[in-house]
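Engineer: Below is a structure I'd like to ask you about.
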Amino acid sequence: MRSLLLVLGAALACGLQAVNIPQPVVEVDLEKVAGTWHTVAMAANDPGLLESKDAPLRVYIKEVRPMATGGLEITLNKEENHNCVETTIIAQKTQDPAVFMVNYEGKRRLSVLNTDNSHFLFFCVEAAQSQVACQYLARTPQADPEVMEKFNLVLKTLPVRIFLDITQGTEKCRV
């Protein structure tokens, strides 16, 4: 009985550990990340965030626009009831120039992990209870194999359980 309680206690303690998102880039040049983007890959530590077509964080980024307040206006598509719905969300700046707060299906922290502004952008969104979903965005609908490898290296630092290569499927809402 003691052993069972000890194992249960250890499992509970391990399950409550926070997910550490890799260190974001030092700064994001909002003017340079502005424009059209295409979601080419998604990953999450909880399959429920991405698995179904209408999962809460299965969204397809369409455009990013800087705001005068220092935040970002992000236009995205999401499948709802077998239709693509376009939504615009506001990413409010924080003290950290690579971290934003968004109010999308709850308050969430959005961290830009890496970008070269002209070809790719990696970001992660922290959801409730240590859930994390990440995306690789590209300026074109095709993924660059070298950049995909970089994205996979970033994901190795996270407990990813689901990975979607969006370029391989026929995603209805992908721009």
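The values are calculated or read from the model by the stated rules, or taken from the named source; none is laboratory data. What you see is a predicted model; the values in this text were computed from it and never measured. Note that we place each Cβ from the backbone using ideal geometry, even for glycine, and neighbour counts take in every protein chain shown. The accessibility values were calculated without ligands, DNA or RNA, using every heavy atom of the protein model including side chains. Shrake-Rupley method; radii C 1.70, N 1.55, O 1.52, S 1.80 Å.
Engineer: Just to confirm, what accessible area per residue do you get for segment 28-175 at 1.4 Å probe, in whole Å²?
Structural biologist: Values: 7300 Å² over 148 residues.
It amounts to 49 Å² per residue over segment 28-175.
Engineer: Rounded, prolate or oblate: pick one for segment 17-158, where a ≥ b ≥ c are the square roots of the eigenvalues of its C-alpha gyration tensor, a/c under 1.5 means rounded, and failing that, prolate if a/b is larger than b/c, else oblate.
Structural biologist: Working: a/c = 1.14, a/b = 1.08, b/c = 1.05.
It comes out rounded by the Cα gyration axes.
Engineer: Further question on the same structure: Work out from phi, with θ = phi - 60° and the Karplus expression 6.51 cos²θ - 1.76 cosθ + 1.60, the ³J(HN,Hα) of each residue of segment 75-81, listed in order in whole Hz, and give x for Gly and Pro.
Structural biologist: 9, 9, 10, 9, 7, 9, 6
Engineer: Also, I was wondering about something else. Let's test the formula: R0 of 25 Å, r as the Cβ-Cβ distance of Glu51 and Glu31. What FRET efficiency results, to the nearest 0.05? Don't skip to the answer; put the middle values down first.
Structural biologist: Working: r = 36 Å, r/R0 = 1.42.
Working from the Cβ atoms, E equals 0.10.
Engineer: Starting from the amide H of Phe123, placed 1.01 Å from N in the peptide plane, find each other amide H under 5 Å away whose residue is 5 or more places distant or on another chain.
Structural biologist: Amide H to amide H, under 5 Å and 5 or more residues apart or across chains, Phe123 pairs with Leu113, Gln135, Leu137.
Engineer: Where the accessible area of segment 32-114 is counted over protein heavy atoms with a 1.4 Å probe, how much of it, in %, is carbon and sulfur?
Structural biologist: On the way: 1780 of 3760 Å².
Carbon with sulfur: 47 percent of the solvent-accessible area.
Engineer: Along the Cα→Cβ direction, 7 angstrom out, place labels at Ile162 and Glu146. What is the inter-label distance in nm?
Structural biologist: 3.2
Engineer: I would also like to ask the following. Using each residue's phi in segment 125-142, evaluate 6.51 cos²θ - 1.76 cosθ + 1.60 at θ = phi - 60° and report the 3J(HN,Hα) Karplus result to the nearest Hz, with x for Gly and Pro.
Structural biologist: These are the phi-based 3J(HN,Hα) values: 10, 8, 9, 5, 6, 6, 8, 9, 10, 10, 9, 10, 9, 9, 6, 10, x, 8 Hz.
Engineer: Then there is this: For the pair His119 and Met101, how long in nm is the line joining their label points, each one 7 Å along Cα→Cβ?
Structural biologist: Label-label distance for His119 and Met101, simple model: 3.5 nm.
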